[in-house]
Amino acid sequence: MSDQEDDIILSELDNEELVQQMFDDLYDGLKEEIEEGVNILLERGWQPYQVLTEALVGGMTIVGKDFRDGILFVPEVLLAANAMKGGMAILKPLLAETGAPRVGTMVIGTVKGDIHDIGKNLVSMMMEGAGFEVVDLGINNPVEKYLEALETEAPDILGMSALLTTTMPYMKVVIDTMIEQGKRDDYVVLVGGAPLNEEFGKAIGADAYCRDAAVAVETAKDFMARKHNKLAAG
Ligand code: B12
């Protein structure tokens, strides 16, 4: 009664089969298999950036789509993201050496007074999965912490999360402070969290409200593409 999965020896697959198998393993949240797959591809001479984009980001794109379409749910996505993290941990130092192009950088944190971080972490992991560099400030962030990170990290995107009706107004405090300091237009501000909606996002002056991590990735990519087009147009 051997499980079919047990019979697959990753090192015996050719590159195309291995990448397909890694898509499946990522979908199933199998961290060790993903780590093994990453190592095999590297041993076969793949560049770290190619492993990242073709095997990991490719696999996470499928996870993201099925999450958006309600086929996968939070626990499965967290497992997939955790498997992805295992692969990323191997690639990160190599990518730093080889200078892989980044899609963009995001600073993200849960606002002051709020300790919910599951959704924020999911967004972080999905953004990393899509090739973004993510600087996670954690929970309970006062405005000073956000502003300091904007200064030191110079991200493209600022993401704020709030899960309480009592803490969500704090996002406006951060945006208003950015306006006061003349920094608002230097960043794309994305906000999210269960009690928010599009109207709220608009009212506080965010660039977009994202209802889940999949939408966050799509929205972030969209803003980065617009930014590049603008730069290209001079
Ligand atoms: C888990 C949980 C907790 C855990 C948090 C653990 C943790 N590490 O996060 C614990 C037990 C600690 C907790 C504590 C409290 N909680 Co609580 N909690 C929840 C619960 C059940 C789930 C939240 C969650 O993780 N959802 C799953 C994630 C994946 O979804 P998400 O956070 O919405 O994130 C997605 C999107 O919103 C979006 N997103 C989120 N952030 C961002 C950011 C950006 C930039 C973008 C683009 C997108 C984005 O993408 C995410 C992924 O798809 C909710 C109920 C609920 N259904 O929401 C209550 C809930 C949020 N909690 C609530 C309350 C009241 C509290 C407490 C005040 C309880 C108490 N009396 O002590 C404390 C708050 C303490 C504090 N100061 O923050 C209330 C809030 C009510 C309200 N209207 O304000 C809720 C709604 C429960 C309820 N029905 O009463 N809680």
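The values are calculated or read from the model by the stated rules, or taken from the named source; none is laboratory data. Only a predicted model underlies this, so the values are computations on that prediction, with no experimental measurement involved. As a convention, Cβ positions derive from the backbone with ideal geometry for all residues, glycine included, and neighbour counts pool all protein chains shown.
Among residues of region 195-219 that are closer than 13 Å to Met171 by Cβ, those with a Cβ under 6 angstrom from a residue that is aromatic (Phe, Trp, Tyr) and within 10 Å of the ligand (Cβ to nearest atom), sequence gap 6+ or separate chain, pair up as Leu196/Tyr209; Gly201/Tyr209. Candidates in region 161-189 are the residues that are more than 10 Å from the ligand (Cβ to nearest atom) and not in a helix (DSSP H, G or I); of these, the one that is nearest to Ser124 (Cα to Cα) is Val188. Restricting attention to region 190-216 and to residues that are near the ligand (Cβ under 9 Å from one of its atoms) and out of contact with any strand residue (DSSP E or B) (no Cβ under 8 Å at 6 or more places or on another chain), the residue that is farthest from Val57 (Cα to Cα) turns out to be Pro195. Report whether or not Pro93 is over 24 Å from Ala214 (Cβ atoms), buried (at least 18 other Cβ atoms within 10 Å of the Cβ) and within 19 Å of the chain's Cα centre (by Cα). No, not satisfied. When Thr152 is tested against (1) over 25 Å from Ala81 (Cα atoms); (2) β-branched (Val, Ile, Thr); (3) surrounded by 14 or more Cβ atoms within 10 Å (Cβ to Cβ); (4) under 21 Å from the mean Cα position of the chain (by Cα), only condition (3) is not met. The residues in region 33-46 that are surrounded by fewer than 16 Cβ atoms within 10 Å (Cβ to Cβ) and either outside any helix (DSSP H, G or I) or at pLDDT below 95 (or both) can be counted, and the count is 2.
Total residues in region 122-146 satisfying the condition of being assigned to a helix (DSSP H, G or I), without any contact (Cβ under 8 Å) to a residue 40 or more places away in the chain and near the ligand (Cβ under 10 Å from one of its atoms): the figure is 1. In region 91-121, of all residues being under 15 Å from Met224 (Cβ atoms) and assigned to a loop (DSSP other than H, G, I, E, B), the one that is nearest to the ligand (Cβ to nearest atom) corresponds to Gly104.
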